[in-house]
Amino acid sequence: MKDKITKRADDYSRWYTDVIVQSKLADYSPVKGCMVIRPNGFALWEKMQAQMDRMFKDTGHVNAYFPVFIPESFMQKEAEHVEGFSPECAVVTHAGGKDLEESLMVRPTSETIINSMYSKWINSYRDLPVLINQWCNVVRWEMRTRLFLRTTEFLWQEGHTAHATYEEAEDETIRMLGVYADFAEKYMAIPVLRGIKSEAEKFAGALHTYCIEAMMGDKKSLQSGTSHNLGQNFAKAFNTKYQTKDGNQEYVWQTSWGVSTRLIGAIIMVHGDDQGLIMPPKLAPNQIVMVPIWRDDEAKDKVLTPASKITEELKKDFSVKFDDRDQYSPGWKFNEWEMLGVPIRIEIGPKDVENESVVMVRRDSREKIKVKWEDVPSTAGKLLDEIHNNLFDRALNFRKDNTFTIDDYADFKDRIENEGGFYSAHWCGSGECEEKVKNETMATIRLIPMNQEREEGMCLYCGNASKERVIFAKAY
Ligand SMILES: [Zn+2]
């Protein structure tokens, strides 16, 4: 089974696809560009979703659901938005056996339909803030797709909030970026950069967009979450007004923010190795797998009782899989659970039973540890924490080792092509320079880091004055 996964060093992109297909996270669907998320992948998404949902609710948000169809005229109302999204929209023109009077867009994102409702629901300053999130699917007609990273239909959440002032909306935008960064670092064990997008890379219709970006195992960047301050752009398009305390009519200030199933792609690429997945302990569908080992029925009787007893004990605090399948050998099972990335494997054979111990094997380091039965639960908790920290540190060190400060364009061009990585470089702020760099190197400005020291310099491309450095990288 191991042989089926291409080595990362040989072909990273094939490795990625092999891991997904072999570990049964997802499969290609009969509809080009769409993806079937299989139970192994969906179990991971459910855990991610449950954790994020808690974090959204802890910050005062509630869930609702809006329709998948949006009247085409809605999309036309915000000029930048329609320009940004129209090319990738799927449109329903025919339904119920006849042509529709007005075509319907299959939602690529829900700002427009949500605003049409907010304009009904919001009347007074007393109605604010509105803090709604929805978990749903969206459709963007992508030409080139990759499992989890870019698919025509994908699952995500989109938060849509309305506030009385610009400042409140800005606070919310930054708060939710913080929630995303916390989720990435504390749960996915993935270090992220936080920053603001350039004008060219921001969300179509926003005043500005904040984002988190993470370095993947091939040194490319993955945009892992975005939080937009929409200003009053959609409020004006949809006439979403409220009466202030003084009795004036004002447009609301809004935000929207989202993360999607592409985060699963990040988990695969940041932590995975040539054996397959490595699940971050806090999101792993199975944190521990218990594999009893026997050769004959006598040994089987001997190991199964303590193995299941320990499993029951562990289940009080962890998600545990008890693998007593008869039709597979222990070696086969070890390979399979390794490929699926289960953080801890526990082996127990007849010899271990005599010593009242088990062998615990870490997926990240493959270290084997002999543990007495009574110490198994406490050791498991400790090991899961250690694995989380190790995965995070490993990813952080990798990013540090592959992030460079650069001032010479020719040097940059050569290195982004041959070495890859993140490049901290001066940029004058012109969209023209940004586009030329993109066309010549395929690298884009991933973000302008937040809270960084200002530093005068010269634009990497044109040599004009620059006030601060930005991060250039190739991205998914
Ligand atoms: Zn420039």
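For Lys382, are the conditions met, namely being within 28 Å of the chain's Cα centre (by Cα), within 28 Å of Thr311 (Cβ to Cβ), more than 16 Å from the ligand (Cβ to nearest atom) and charged (D, E, K, R)?
yes
Which members of region 442-476 meet the condition of being closer than 15 Å to Gly431 by Cα, small (Gly, Ala, Ser) and open to solvent by less than 20 Å² (accessible area, probe 1.4 Å)?
If the condition is that a residue be closer than 15 Å to Gly431 by Cα, small (Gly, Ala, Ser) and open to solvent by less than 20 Å² (accessible area, probe 1.4 Å), then Ala443, Ser466 are the ones that fit.
Quick check on this structure: which one of Ser86, Ser23 is open to solvent by less than 40 Å² (accessible area, probe 1.4 Å) and not aliphatic (A, V, I, L, M)?
Result: Ser23 is the single residue among Ser86, Ser23 that is open to solvent by less than 40 Å² (accessible area, probe 1.4 Å) and not aliphatic (A, V, I, L, M).
Checking Ile416 against (1) among the aliphatic types (A, V, I, L, M); (2) within 24 Å of Thr209 (Cα to Cα); (3) away from the ligand (no atom under 16 Å from the Cβ): exactly one of these is not met. Which one?
Only one criterion in (1) among the aliphatic types (A, V, I, L, M); (2) within 24 Å of Thr209 (Cα to Cα); (3) away from the ligand (no atom under 16 Å from the Cβ) is unmet by Ile416, namely (2).
Run down Asp375, Asp364 and say which single residue is open to solvent by less than 20 Å² (accessible area, probe 1.4 Å) and of a type in the set (D, E, K, R).
On inspection, the qualifying residue turns out to be Asp364.
Tell me whether region 406-414 contains one or more residues that are touching a residue at least 12 places away in the same chain (Cβ under 8 Å) and assigned to a strand (DSSP E or B).
no
Could you list all residues from region 426-476 that are closer than 15 Å to Ser221 by Cβ, assigned to a loop (DSSP other than H, G, I, E, B) and touching a Phe, Trp or Tyr at 6+ places or on another chain (Cβ under 8 Å)?
Correct list: Ala443 only.
Considering each of Phe85, Phe42, Phe74, Phe66 in turn, give the residue that is under 20 Å from Gly258 (Cα atoms) and at pLDDT below 95. Can you show your working first?
Details: Phe42 fails: at pLDDT below 95; Phe74 fails: under 20 Å from Gly258 (Cα atoms); Phe66 fails: at pLDDT below 95.
Exactly one of Phe85, Phe42, Phe74, Phe66 is under 20 Å from Gly258 (Cα atoms) and at pLDDT below 95, namely Phe85.
When you check Ala266 against the structure, is it under 29 Å from the mean Cα position of the chain (by Cα), in contact (Cβ under 8 Å) with a residue 24 or more places away in the chain and either at negative phi or not in a helix (DSSP H, G or I) (or both), yes or no? Even if it seems obvious, please write down each step before you answer.
On the way: under 29 Å from the mean Cα position of the chain (by Cα): yes; in contact (Cβ under 8 Å) with a residue 24 or more places away in the chain: yes; either at negative phi or not in a helix (DSSP H, G or I) (or both): yes.
The answer is yes for Ala266.
Please work out if Asn451 is under 23 Å from Pro280 (Cβ atoms), out of contact with any strand residue (DSSP E or B) (no Cβ under 7 Å at 6 or more places or on another chain) and outside the structural domain of Asp218 (by TED's automatic domain parsing). I'd like the intermediate steps shown before the answer.
Details: under 23 Å from Pro280 (Cβ atoms): no; out of contact with any strand residue (DSSP E or B) (no Cβ under 7 Å at 6 or more places or on another chain): yes; outside the structural domain of Asp218 (by TED's automatic domain parsing): yes.
The answer is no for Asn451.
Hey, among Lys245, Lys316, which residue is of a type in the set (Lys, Arg), assigned by TED's automatic domain parsing to the domain that holds Ser116 and either open to solvent by 10 Å² or more (accessible area, probe 1.4 Å) or touching a strand residue (DSSP E or B) at 6+ places or on another chain (Cβ under 7 Å) (or both)?
Lys245
Quick check on Ser221: is it within 23 Å of Ser86 (Cα to Cα) and of a type in the set (Gly, Ala, Ser)? Walk me through how you get there before you give the answer.
On the way: within 23 Å of Ser86 (Cα to Cα): no; of a type in the set (Gly, Ala, Ser): yes.
So Ser221 fails the test.
From Lys98, Lys77, which residue is surrounded by fewer than 12 Cβ atoms within 10 Å (Cβ to Cβ) and in the same structural domain as Trp257 (by TED's automatic domain parsing)?
Of the residues listed, the single one that is surrounded by fewer than 12 Cβ atoms within 10 Å (Cβ to Cβ) and in the same structural domain as Trp257 (by TED's automatic domain parsing) is Lys98.
With the requirement that a residue be closer than 20 Å to Gly195 by Cα, open to solvent by 30 Å² or more (accessible area, probe 1.4 Å) and among the aliphatic types (A, V, I, L, M), what does region 394-441 give you?
Leu396, the sole residue that qualifies.
Filtering region 93-152 down to residues that are in contact with a helix residue (DSSP H, G or I) (Cβ under 8 Å, 6 or more places away or on another chain) and aromatic (Phe, Trp, Tyr), which residue is nearest to Gly231 (Cα to Cα)?
Restricting to residues being in contact with a helix residue (DSSP H, G or I) (Cβ under 8 Å, 6 or more places away or on another chain) and aromatic (Phe, Trp, Tyr), the top hit is Tyr118.
I need a count of the residues in region 207-223 that are open to solvent by 10 Å² or more (accessible area, probe 1.4 Å) and either small (Gly, Ala, Ser) or under 20 Å from Leu177 (Cα atoms) (or both).
6
Could you please let me know if Gly159 is over 14 Å from the mean Cα position of the chain (by Cα) and more than 16 Å from Arg446 (Cα to Cα)?
Answer is yes for this residue.
So Ser260 clears everything in (1) open to solvent by less than 10 Å² (accessible area, probe 1.4 Å); (2) touching a strand residue (DSSP E or B) at 6+ places or on another chain (Cβ under 6 Å); (3) within 30 Å of Tyr16 (Cα to Cα) except one condition, right? Which one?
The single condition Ser260 does not satisfy is (1).
Confirm whether Gly421 is within 15 Å of the ligand (Cβ to nearest atom) and not basic (Lys, Arg).
no
For region 426-471, give me the residue count where each residue is more than 9 Å from the ligand (Cβ to nearest atom) and within 18 Å of Cys211 (Cβ to Cβ).
Here the count works out to 16.
In this structure, does Tyr409 turn out to be within 16 Å of the ligand (Cβ to nearest atom) and among the aromatic types (Phe, Trp, Tyr)?
Taking the combined requirement at face value, the residue satisfies it.
Here are the criteria: (1) under 15 Å from the mean Cα position of the chain (by Cα); (2) of a type outside the set (Val, Ile, Thr); (3) open to solvent by 10 Å² or more (accessible area, probe 1.4 Å). Tell me which single one Ala299 does not satisfy.
Unmet for Ala299, out of (1) under 15 Å from the mean Cα position of the chain (by Cα); (2) of a type outside the set (Val, Ile, Thr); (3) open to solvent by 10 Å² or more (accessible area, probe 1.4 Å): (1).
Determine, yes or no, whether Lys321 is in contact with a strand residue (DSSP E or B) (Cβ under 6 Å, 6 or more places away or on another chain) and open to solvent by 50 Å² or more (accessible area, probe 1.4 Å).
So Lys321 fits the description; yes.
The values are calculated or read from the model by the stated rules, or taken from the named source; none is laboratory data. Because the structure is a prediction, the values reported are computed rather than measured. Positions of Cβ are backbone-derived with ideal geometry, glycine not excepted, and every protein chain shown enters the neighbour counts. Each accessible area value is taken on the protein alone, full model and side chains, heavy atoms only, with ligands, DNA and RNA left out. Shrake-Rupley method; radii C 1.70, N 1.55, O 1.52, S 1.80 Å.
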